[in-house]
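J.: Got a structure for you, written out below as structure tokens; questions coming shortly.
The values are calculated or read from the model by the stated rules, or taken from the named source; none is laboratory data. As the structure is a prediction and not an experimental result, all values here were calculated from the model. Note: ideal-geometry Cβ built from the backbone for every residue, glycine included; neighbour counts use all protein chains shown.
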Amino acid sequence: MKKFITLFLLLALPFGIHASEGMELQSADIDLTDKESLQRGAKHFVTYCLGCHSVKHIRYLRIALDIGIDEKKVVKDIAPEGASAYDQMQSAMNAHDAEKWFGIQPPDLSLIARSRNADWLYSYLKGFYTDKDKQFGINNTVFKDVGMPNPFWQLQGEQLLLYKTVDGQQVIDKLIIKQPGLLSEKEFDLLVNDLVNFLVYVGEPVQLERVRIGKYVLFYILMFLGLAYMLKKEYWKDVH
């Protein structure tokens, strides 16, 4: 039953925008060739997300190989204390504590960028605002009635949601910072973008390699079609 609930949550997430507060999604700047961004994103995930969420389909060694840095550097600068390069990125939170605090174990995020999309994740991570009526005192403009706290509240600060009246109805206007955090708006946007960039990479680590090989495959197909066409003309040139 627990596995079914977790699967349901993952499948339902792409449609969260339809049940959201109605704000437009912001655009993430995804660049999987930016190795420094991926390295920062991996560090941010370990620092702010790994306490609750895993990305168990990837190991620290794979990150080191793909980013092009020494595995010892990954263990030292990215992995949590005590982890080895061969470990999967597993959360330290056990299922019992997760259910006690959140009602359900937080889902693994290995495929979250594929089940939703980068812009959704970027907007979601930036969309937390104060809502005293909710369990953790926050809500989200993209995922209404979200069941998790804002992991970046100290960095981003406290946001308030403002409404405006249109044709006699209240609709979303904008988010404003009530209490500034430790980072400026530009610095926080970069942090979130790096994290989303990393999650997109985790969803398909071989994406760049697939694209590279795909170019050779297309070239081979085109070359084969050319040869096949010339062979067809040679066979049929004497047929009237």
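J.: So how many residues does the range 50-72 have that are more than 17 Å from Glu204 (Cβ to Cβ) and either among the charged types (D, E, K, R) or assigned to a helix (DSSP H, G or I) (or both)?
T.: 6
J.: Would you check which residues across the range 79-107 are charged (D, E, K, R) and either farther than 26 Å from Gln135 by Cβ or in a loop (DSSP other than H, G, I, E, B) (or both) and list them?
T.: Glu81, Asp87 - these are the residues of the range 79-107 that are charged (D, E, K, R) and either farther than 26 Å from Gln135 by Cβ or in a loop (DSSP other than H, G, I, E, B) (or both).
J.: Since Gln39 meets every condition but one in (1) at pLDDT below 95; (2) over 24 Å from Met148 (Cβ atoms), which condition does it not meet?
T.: Here Gln39 clears every test but (1).
J.: Exactly one of (1) free of Cβ contacts under 8 Å to residues at least 40 places away in the same chain; (2) within 30 Å of His53 (Cα to Cα); (3) of a type outside the set (Lys, Arg) is unmet by Asn197. Its number?
T.: Against the list (1) free of Cβ contacts under 8 Å to residues at least 40 places away in the same chain; (2) within 30 Å of His53 (Cα to Cα); (3) of a type outside the set (Lys, Arg), Asn197 comes up short only on (1).
J.: Only residues that are among the polar types (S, T, N, Q) and either under 24 Å from Ile30 (Cα atoms) or buried (at least 17 other Cβ atoms within 10 Å of the Cβ) (or both): list them for the range 89-134, please.
T.: Ser91, Gln105, Ser110, Ser115, Asn117, Ser123
J.: Whether any residue in the range 165-178 is in contact with a Gly (Cβ under 9 Å, 6 or more places away or on another chain) and free of Cβ contacts under 8 Å to residues at least 24 places away in the same chain is what I want to check.
T.: yes
J.: Evaluate the range 87-99: report whether one residue or more is touching a Lys or Arg at 6+ places or on another chain (Cβ under 6 Å) and touching a residue at least 12 places away in the same chain (Cβ under 8 Å).
T.: For the range 87-99, residues touching a Lys or Arg at 6+ places or on another chain (Cβ under 6 Å) and touching a residue at least 12 places away in the same chain (Cβ under 8 Å): present.
J.: Also, I was wondering about something else. Within the range 186-195, does at least one residue satisfy the condition of being part of a helix (DSSP H, G or I), at pLDDT 90 or above and touching a strand residue (DSSP E or B) at 6+ places or on another chain (Cβ under 9 Å)?
T.: Yes, some residue in the range 186-195 is part of a helix (DSSP H, G or I), at pLDDT 90 or above and touching a strand residue (DSSP E or B) at 6+ places or on another chain (Cβ under 9 Å).
J.: While we're here: Kindly provide the set of residues from the range 126-159 that are free of Cβ contacts under 8 Å to residues at least 60 places away in the same chain and within 20 Å of Lys186 (Cβ to Cβ), ordered by number.
T.: The answer is Phe128, Tyr129, Asn150, Trp153, Gln154, Leu155, Gln156, Gly157, Glu158, Gln159.
J.: While we're here: State whether one or more residues within the range 226-235 are among the hydroxyl-bearing types (Ser, Thr, Tyr), outside any helix (DSSP H, G or I) and loosely packed, with under 13 Cβ neighbours inside 10 Å.
T.: Within the range 226-235, not a single residue is among the hydroxyl-bearing types (Ser, Thr, Tyr), outside any helix (DSSP H, G or I) and loosely packed, with under 13 Cβ neighbours inside 10 Å.
J.: Among Leu191, Leu231, Leu227, which is assigned by TED's automatic domain parsing to the domain that holds Thr130 and among the hydrophobic types (A, V, I, L, M, F, W, C)?
T.: Matching residue, one of Leu191, Leu231, Leu227: Leu191.
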